[in-house]
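Engineer: Below is the structure I would like to discuss, written out as structure tokens.
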């Protein structure tokens with residue numbers, strides 16, 4: 001069994017994937033597999049990826065029978081993974097040369113997840129700045145919804161912990177990572193790695209960046225929080241019935257972003 005599984009949900013992204021592929025081939029840790037699931041790309045991206053990776057036995061490539069969306073595709077990636085530890089890398093992003101090695105070294109018996117700082121990059125993957133919200137979070141907080149995105153890429157998790165959850169919601173078309181993070185948060189401790197191990201590419205066609213998809217993103221984020229509250233038996237938040245809150249992300253943000261709460265986060 002491979003120690004680590006890099007998981008890639010792919011759709012029409014070959015040109016950007018070349019940078020992702022290069023970052024994987026340069027890893028200081030060589031003992032890993034790559035599980036890539038193509039969601040029926042409408043161009044020749046999948047064929048080009050097969051050609052690019054054909055001489056590397058660590059790459060295992062699959063394709064959905066029909067276009068299923070990112071939730072289904074990411075769930076399938078995990079289901080196909082053979083590694084004890086897994087981590088998603090989006091095909092338009094990349095990771096540092098020591099990302100897998102550092103993540104593996106920070107996995108202990110006492111945690112189920114590691115996550116790192118990330119670098120925001122331009123469309124050519126030139127480094128711009130550190131994502132400012134990444135920080136160590138408090139474990140075991142019933143009202144933690146990752147509303148400030150403190151827990152983010154490079155996010156790696158024990159597959160045995162994931163198997164204790166209900167799994168990624170395959171119907172989600174966005175907010176899929178948040179669904180995964182919050183479910184794992186309920187299983188065990190998160191460990192923060194204060195290094196930039198992930199390079200996040202900013203471009204207009206990014207799943208979380210494309211303006212035309214913002215409405216659906218908010219809808220999915222709302223559903224993820226509702227599902228999380230249900231699992232945690234939370235019926236009311238900050239004095240209101242949770243079912244009566246139309247915009248849960250914004251409502252939670254306002255209540256958790258007071259001056260006192262900001263100080264608390266800095267002291268964690």
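The values are calculated or read from the model by the stated rules, or taken from the named source; none is laboratory data. All values reported here derive from a predicted model rather than from experimental measurement. Neighbour counts run over all protein chains shown; Cβ positions are idealised from the backbone, glycine included.
Engineer: Quick check on residue 90: is it over 15 Å from the mean Cα position of the chain (by Cα) and over 20 Å from residue 161 (Cβ atoms)?
Structural biologist: So residue 90 does not fit the description; no.
Engineer: Let me ask you something else. Using the structure shown, decide if residue 197 is in a helix (DSSP H, G or I), buried (at least 17 other Cβ atoms within 10 Å of the Cβ) and either modelled with pLDDT of 95 or more or on the phi < 0 side of the Ramachandran plot (or both).
Structural biologist: It is false that residue 197 is in a helix (DSSP H, G or I), buried (at least 17 other Cβ atoms within 10 Å of the Cβ) and either modelled with pLDDT of 95 or more or on the phi < 0 side of the Ramachandran plot (or both).
Engineer: In addition: Counting residues that are under 17 Å from residue 157 (Cα atoms), which strands (runs of 3 or more DSSP E) fully inside segment 63-147 reach at least 2?
Structural biologist: 85-88, 111-121
Engineer: Moving on. Name the single residue, out of those in segment 50-68 being in contact with a strand residue (DSSP E or B) (Cβ under 8 Å, 6 or more places away or on another chain) and under 24 Å from residue 176 (Cα atoms), that is surrounded by the most Cβ atoms within 10 Å (Cβ to Cβ).
Structural biologist: Applying the filter and picking the extreme gives 59.
Engineer: Scanning segment 74-100 for residues that are buried (at least 18 other Cβ atoms within 10 Å of the Cβ) and out of contact with any helix residue (DSSP H, G or I) (no Cβ under 9 Å at 6 or more places or on another chain), which turns out nearest to residue 25 (Cα to Cα)?
Structural biologist: Among residues in segment 74-100 that are buried (at least 18 other Cβ atoms within 10 Å of the Cβ) and out of contact with any helix residue (DSSP H, G or I) (no Cβ under 9 Å at 6 or more places or on another chain), the one nearest to residue 25 (Cα to Cα) is 77.
Engineer: Let me ask another. In segment 27-36, is there at least one residue being exposed (fewer than 14 other Cβ atoms within 10 Å of the Cβ), more than 20 Å from residue 161 (Cβ to Cβ) and modelled with pLDDT of 95 or more?
Structural biologist: yes
Engineer: Select the helices (runs of 4 or more DSSP H) contained entirely in segment 203-268, then report the ones holding at least 1 residues which are under 30 Å from residue 122 (Cβ atoms) and at pLDDT 65 or above.
Structural biologist: So the answer is 214-231, 248-256.
Engineer: Looking only at segment 167-187, count every residue that is free of Cβ contacts under 8 Å to residues at least 60 places away in the same chain and either part of a loop (DSSP other than H, G, I, E, B) or in contact with a helix residue (DSSP H, G or I) (Cβ under 6 Å, 6 or more places away or on another chain) (or both) and tell me the total.
Structural biologist: Number of matching residues: 4.
Engineer: Right, another one. Checking the condition part of a helix (DSSP H, G or I), within 24 Å of residue 162 (Cβ to Cβ) and either free of Cβ contacts under 8 Å to residues at least 12 places away in the same chain or within 18 Å of the chain's Cα centre (by Cα) (or both), which residue from 7, 24 passes?
Structural biologist: Unique residue meeting the criteria: 24.
Let's see how each residue does on (1) closer than 19 Å to residue 88 by Cα; (2) surrounded by 15 or more Cβ atoms within 10 Å (Cβ to Cβ); (3) more than 12 Å from the chain's Cα centre (by Cα):
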{"residue": "109", "(1), (2), (3)": "no, no, yes"}
{"residue": "128", "(1), (2), (3)": "no, no, yes"}
{"residue": "132", "(1), (2), (3)": "no, no, yes"}
{"residue": "136", "(1), (2), (3)": "no, yes, yes"}
{"residue": "141", "(1), (2), (3)": "no, no, yes"}
{"residue": "151", "(1), (2), (3)": "yes, yes, no"}
{"residue": "170", "(1), (2), (3)": "yes, yes, yes"}
{"residue": "173", "(1), (2), (3)": "yes, yes, yes"}
{"residue": "179", "(1), (2), (3)": "yes, yes, no"}
